[in-house]
Amino acid sequence: MNARTTLEWQAADAAHFLHPFTDFQSLARKGSRIITKADNIYLTDSDGNRILDAMSGLWCVNVGYGQEALVEAAARQMRELPFYNAFFQTATPPAIELAELLSEVTPPQFKHVFFSGSGSEGNDTVVRMVRRYWDLMGQPGRSVIISRVNAYHGSTMAGASLGGMSGMHAQGGLPIPGIVHIQQPYWYEHGRSMSRDEFGIVAAGWLEDRILEIGAEKVAAFIGEPIQGAGGVIIPPATYWPEIQRICDKYGILLVSDEVICGFGRTGQWFGCETLGYRPDLMTFAKGVTSGYVPLGGVMVGDRIAKVLIEHGGEFNHGYTYSGHPVACAVALANIRLIQETRLVEHVRDDVGPYLAEQYAKLREHPLVGDAETCGLMAVLLLVKDKSTGAMFPSELDMGMVCRGHCFREGLIMRAVGDRMIIAPPLVITRAQIDEMMSLIRRCLDLTLADAHTHGWLA
Ligand code: PXG
């Protein structure tokens, strides 16, 4: 398998492979890190280095690497029936069984699912379905979808439009019409003059302001991640989501929860909306549904919408070749059963989630850490220049990347979003492994602090 050397892999990579979200030329100069295998929560690269993967691949390997039950499920299904579609009045057993199991593990309003191949495609389905719903309700004027600045909802045209990433909107004429953004519930940046709970109500109020500005009769839906992941693990105040729910209910607006990261146990409940206290009409999922072993996504469709689509909808002109792919569905079934059998959600809720929270609380004493927060197994550290005033480092120093550089060299995958250092380790992580991860995090923070002293970057 590893017939080539790292340099050979890097040369072939640079010659042919255009990576996602990458400055192609700069990566070609540096060379990619080549990951060759993985087990449990550890990766191995092509030089034989062992790396603790505190990002679960890309927020997805919830059950950890090397789970034979998932491998077996894929191999068995590939032998039996590697593919058949669900378009022309046909279905396959794994897709049917997965639809059934998803309606069991999701909140009670969900009894139907529409499958896609990814989270981005799932959110494209959301846009199509929400607008179709309002057409069928005789209110075609309700077409505007409200999202948030710094949200991430994928990279297709609709996904990137729903997302609130300015860098993405700047390329390709986005957002598409009918999608608008309100400010995110980021307390540290927008609300430090208030308590977190007061700020949660204020931030939710921005939704009501925008609805009134647009006219409620034109607003179809509000979409949000329970906790913004790619935006930097922005954990909203506890008051935020219940107030968002109240506002959506008041104006009859559909509420969409993008559970691509928060779903399948990440926050210590099966879905983030359960942890954060709201009841969505639609729920996008991907990633953790298969723990990333194979691609699969979809949308859970709440009863309010399903009833209209089924009873009055006629044909819904939408779908993907891989909607309900039997191999992906077989792997998802094995994955969800494994989560159930090993009580992985309870493991996060009662054991490692609270343990990680304790450890992160201690990190607040570190001279560079201005804020430290966790929810289940998502966590963030904010690097600041001056803890007493909360002043941030100038962005041109790119302190997050300085810290990430140390992580890279020390064998820890921790991401930097600006100066927010984030982790989302596999849910199978143990207390002893959290101790190991925390000592790596401390070492990387200390090395970053030493750099700041050496270069005179501190206040
Ligand atoms: N919604 C959310 C909330 C996501 O986090 C998507 C939709 C899109 O899913 P697909 O499967 O189409 O990628 C995501 C994906 C990052 C990062 O930098 C996060 C994602 C993808 C790539 C990078 O943290 N999340």
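Observations on the model:
- Residues being within 16 Å of the ligand (Cβ to nearest atom) and out of contact with any Asp or Glu (no Cβ under 6 Å at 6 or more places or on another chain) - total across the stretch 409-434: 13
- Of the helices (runs of 4 or more DSSP H) contained entirely in the stretch 182-289, those carrying at least 1 residues that are surrounded by fewer than 23 Cβ atoms within 10 Å (Cβ to Cβ), within 16 Å of the ligand (Cβ to nearest atom) and not charged (D, E, K, R) fall at 272-276.
- Residue count, the stretch 386-408 (criterion: of a type in the set (Asp, Glu), open to solvent by 40 Å² or more (accessible area, probe 1.4 Å) and outside any helix (DSSP H, G or I)): 1
- Members of the stretch 13-33 that are part of a helix (DSSP H, G or I), of a type in the set (A, V, I, L, M) and surrounded by fewer than 12 Cβ atoms within 10 Å (Cβ to Cβ): Ala15
- Residues located in the stretch 409-422, provided they are in contact with a Lys or Arg (Cβ under 8 Å, 6 or more places away or on another chain), touching a residue at least 60 places away in the same chain (Cβ under 8 Å) and either closer than 23 Å to Met392 by Cα or outside the structural domain of Leu383 (by TED's automatic domain parsing) (or both): Met414, Arg415, Ile422
- Residue selected from the stretch 122-132 under the condition open to solvent by 10 Å² or more (accessible area, probe 1.4 Å) and farther than 12 Å from Leu162 by Cα, by the criterion nearest to the ligand (Cβ to nearest atom): Arg128
- A single entry from Ser147, Ser143 fulfils the requirement of being surrounded by 24 or more Cβ atoms within 10 Å (Cβ to Cβ) and either of a type in the set (S, T, N, Q) or away from the ligand (no atom under 16 Å from the Cβ) (or both): Ser147.
- Yes/no for Arg304 being closer than 28 Å to Ala204 by Cα, open to solvent by 20 Å² or more (accessible area, probe 1.4 Å) and not assigned by TED's automatic domain parsing to the domain that holds Phe83: no
The values are calculated or read from the model by the stated rules, or taken from the named source; none is laboratory data. Small disclaimer: the values here were computed from a predicted structure and weren't measured. Note that we place each Cβ from the backbone using ideal geometry, even for glycine, and neighbour counts take in every protein chain shown. What goes into the accessible areas is simple: the full protein's heavy atoms, side chains included, and nothing from ligands, DNA or RNA. Shrake-Rupley method; radii C 1.70, N 1.55, O 1.52, S 1.80 Å.
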